[in-house]
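The structure appears below as structure tokens.
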Amino acid sequence: MFETLSTHRSFGGHQRLCRHDSAEIGLPMRFALFVPPEPRALLVFLAGLTCTEETFTMKAGAQRVAAELGLALLMPDTSPRGAQVPGEAAAWDFGVGAGFYLDATQPPWAQHWRMESYITQELLPLVRADLQLPADRVGISGHSMGGHGALTLALRHPQLFRSVSAFAPIAAPSRCAWGQKAFTGYLGRMQTDWAAHDASALMAQQARAPFPQGILIDQGLADQFLLDMQLQPEVFEAACKQAGQPLNLRWQAGYDHGYYFITSFIEDHLRHHAAQLTHE
Ligand SMILES: N[C@@H](CCC(=O)N[C@@H](CS)C(=O)NCC(=O)O)C(=O)O
């Protein structure tokens, strides 16, 4: 059950903003949903730090090609809101707007910060049932923290996601400042617990390619966060090589971390997912 707060005609389909009372999060949550004229598959797009369900929805310009391909787009929020955990909004890279798509195990976050269970066990089944799409027609993508979310949720739930891509993902969070801060706060100090939510560590453990049709990643070379060592896609690339996982890691000269980069390459990602999800 969810409530549609607004709906707008877009490229023959509908762009909706929705809310529901989430059992996993224990709070109301919002999400955005683009429904193309003829839905054939569903792509979940996870946004980055400081973003909401509206960021990708309004800035990426994904609706035109998604409508053409029959891809429904599901944009969850990036964290619980309104939990009133002390200090939850004190930093832009932890707490509100920074859920890191995992289930926190540490107090005071463990009660509400359950973004992994929320997305995989609650939101995705809800939306898939509403759109009447088969279980094997769901892909996942994301940007930055959401790229980390896309890669880790795909690797942790390969039965839920058949296609994967990412823009400038935090690809080795155990080795970067953002990831170390988030993992310490949400998961505690045990590095062994971190590995279960680190895309590169998860990929390195695979006995064979989990996504044999290939993973697509775009990374701007003028991305400040790449230069600050927050992203480290080369670590994920090495792990893919080790696992025999086909990876198309495209280094895009001159592009930074922002949405002008995403708008430039979103069409390729939508086509990557449609090709893997909707070919008969
Ligand atoms: N607030 C941060 C930047 C946060 C940031 O770049 N967030 C990215 C995701 S990691 C984003 O998509 N921001 C929203 C936007 O660009 O519209 C800063 O001041 O450095």
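The values are calculated or read from the model by the stated rules, or taken from the named source; none is laboratory data. Fair warning: this is a prediction, and the values are worked out from it, not measured in the lab. So basically every Cβ, Gly included, is an ideal-geometry build from the backbone, and we count neighbours across all protein chains shown. Keep in mind that these areas ignore ligands, DNA and RNA; they rest on the heavy atoms of the full protein, side chains included. Shrake-Rupley method; radii C 1.70, N 1.55, O 1.52, S 1.80 Å.
Collect the residues in segment 36-56 that are open to solvent by 10 Å² or more (accessible area, probe 1.4 Å), closer than 21 Å to residue 122 by Cα and within 11 Å of the ligand (Cβ to nearest atom), keeping them in residue-number order.
The answer is 51, 52, 54.
Given the residues 275, 222, which is the only one that is outside any helix (DSSP H, G or I), open to solvent by 20 Å² or more (accessible area, probe 1.4 Å) and not charged (D, E, K, R)?
Being outside any helix (DSSP H, G or I), open to solvent by 20 Å² or more (accessible area, probe 1.4 Å) and not charged (D, E, K, R) holds for just one of 275, 222, which is 222.
Does at least one position in segment 135-150 carry a residue that is out of contact with any Lys or Arg (no Cβ under 6 Å at 6 or more places or on another chain), part of a helix (DSSP H, G or I) and closer than 24 Å to residue 4 by Cβ?
Looking through segment 135-150, at least one residue is out of contact with any Lys or Arg (no Cβ under 6 Å at 6 or more places or on another chain), part of a helix (DSSP H, G or I) and closer than 24 Å to residue 4 by Cβ.
Considering only segment 165-197, state which residues are within 13 Å of the ligand (Cβ to nearest atom) and in a helix (DSSP H, G or I).
173, 177, 178, 179, 182
Would you please list the contacts, defined by Cβ atoms under 6 Å and residues six or more apart or on different chains, that run from a residue in segment 188-202 that is touching a residue at least 24 places away in the same chain (Cβ under 8 Å) to a residue that is of a type in the set (Val, Ile, Thr)?
These pairs meet every condition: 197/152; 199/152; 200/235.
Among the residues of segment 82-110, write down those that are of a type in the set (Phe, Trp, Tyr) and either surrounded by fewer than 19 Cβ atoms within 10 Å (Cβ to Cβ) or at negative phi (or both).
92, 94, 109
Only one residue in 263, 278 is away from the ligand (no atom under 16 Å from the Cβ), of a type in the set (Ser, Thr, Tyr), touching a residue at least 60 places away in the same chain (Cβ under 8 Å) and within 23 Å of residue 41 (Cβ to Cβ). Which one?
Within the list 263, 278, the selection yields 278.
In the list 274, 199, which residue meets the criterion of being modelled with pLDDT of 95 or more and under 29 Å from residue 104 (Cα atoms)?
Matching residue, one of 274, 199: 199.
Of all the residues that make up segment 136-164, how many are more than 16 Å from the ligand (Cβ to nearest atom), closer than 18 Å to residue 245 by Cα and open to solvent by less than 10 Å² (accessible area, probe 1.4 Å)?
The qualifying residues number 7.
Assess whether residue 31 counts as being open to solvent by less than 10 Å² (accessible area, probe 1.4 Å), under 23 Å from residue 135 (Cα atoms), assigned to a strand (DSSP E or B) and within 12 Å of the ligand (Cβ to nearest atom).
It is false that residue 31 is open to solvent by less than 10 Å² (accessible area, probe 1.4 Å), under 23 Å from residue 135 (Cα atoms), assigned to a strand (DSSP E or B) and within 12 Å of the ligand (Cβ to nearest atom).
For residue 79, which of the numbered conditions (1) within 16 Å of the ligand (Cβ to nearest atom); (2) open to solvent by less than 10 Å² (accessible area, probe 1.4 Å); (3) touching a residue at least 60 places away in the same chain (Cβ under 8 Å) fails to hold?
Unmet for residue 79, out of (1) within 16 Å of the ligand (Cβ to nearest atom); (2) open to solvent by less than 10 Å² (accessible area, probe 1.4 Å); (3) touching a residue at least 60 places away in the same chain (Cβ under 8 Å): (3).
Filter segment 219-238 down to the residues that are in contact (Cβ under 8 Å) with a residue 40 or more places away in the chain and not charged (D, E, K, R) and list them by number.
219, 220, 225, 226, 229, 230, 231, 232, 233, 235, 236
Under 7 Å between Cβ atoms, at least 6 apart or on separate chains: pull out the pairs that start in segment 138-162 with a residue that is farther than 22 Å from residue 267 by Cβ and end on any residue that is open to solvent by 10 Å² or more (accessible area, probe 1.4 Å) and within 16 Å of the ligand (Cβ to nearest atom).
Sorted first by the residue in segment 138-162, then by its partner, the pairs are 145/49.
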